1. Hey, in the GNM for the chain with a 10 angstrom Cα cutoff, which one of Tyr66, Tyr35, Tyr83 fluctuates hardest?
2. Tell me, what is the FRET efficiency for Lys86 and Gln24 to the nearest 0.05, using R0 = 25 angstrom and their Cβ-Cβ distance as r?
3. Rounded, prolate or oblate for the stretch 7-71? Axes are the square roots of the Cα gyration tensor eigenvalues, ordered a ≥ b ≥ c, and the cut-off for rounded is a/c under 1.5.
4. In the Gaussian network model of the chain, springs joining C-alpha atoms below 10 Å, which of Leu97, Leu79, Leu11 carries the largest mean-square fluctuation?
5. What angle, in degrees between 0 and 90 and rounded to the nearest 10, separates the Cα long axis of helix 33-44 from the longest principal axis of the Cα atoms of the chain?
6. On a full-extension model of 0.36 nm per residue, what is the gain between Ala78 and Ser6, subtracting their alpha-carbon distance, rounded to one decimal in nm?
7. Helix 55-83 versus the longest principal axis of the chain: what is the Cα-based angle in degrees, 0 to 90, to the nearest 10?
8. Given a 1.4 Å probe, how much area per residue of the chain is accessible, in Å²?
Amino acid sequence: MAALGSPLGTLRGLLRELRYASAQAGRPYRDTPAYQHVISAFRAHRVTSEKLCRAQQELHFQAATYLCLLRSVREHLALHQEYHGKGERSPEEVAGLVGFRLPQQPGGKG
């Protein structure tokens, strides 16, 4: 199994992704139910000297998985916006995109 890193790093990553998502919506990320849930879940499952919480590893794995999903969706949307097709293109435009020029026919016929 791959190393998950520290729970604090995972929490910070989750909060960063929530901040990115809420910035697109135009509202503060600390007012969202997702923020409140993540913070309360991490606080409830922290290890103290008095008890060993077995659910912490499960929570950390789920949080890391959700962080991967959020990051992947954000990066996918950025790539999709950058490389998504602009509709139907003429053969001259397509040839220009890859660095070619179409041959010119004599007599003005295209």
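1. Highest fluctuation of the listed residues: Tyr83.
2. Numbers: r = 22 Å, r/R0 = 0.89.
After rounding to 0.05, the efficiency reads 0.65.
3. Note, shape of the stretch 7-71 comes out prolate.
4. Comparing Leu97, Leu79, Leu11 in a Gaussian network model of the chain, the most mobile one is Leu97.
5. Around 40 degrees separate the two axes.
6. 23.2 nm
7. 20
8. Values: 9190 Å² over 110 residues.
About 84 Å² of surface per residue is accessible.
The values are calculated or read from the model by the stated rules, or taken from the named source; none is laboratory data. These figures come from a predicted structure and were not determined experimentally. No Cβ is skipped: glycine too gets one built from the backbone with ideal geometry, and neighbour counts run over all protein chains shown. What goes into the accessible areas is simple: the full protein's heavy atoms, side chains included, and nothing from ligands, DNA or RNA. Shrake-Rupley method; radii C 1.70, N 1.55, O 1.52, S 1.80 Å.
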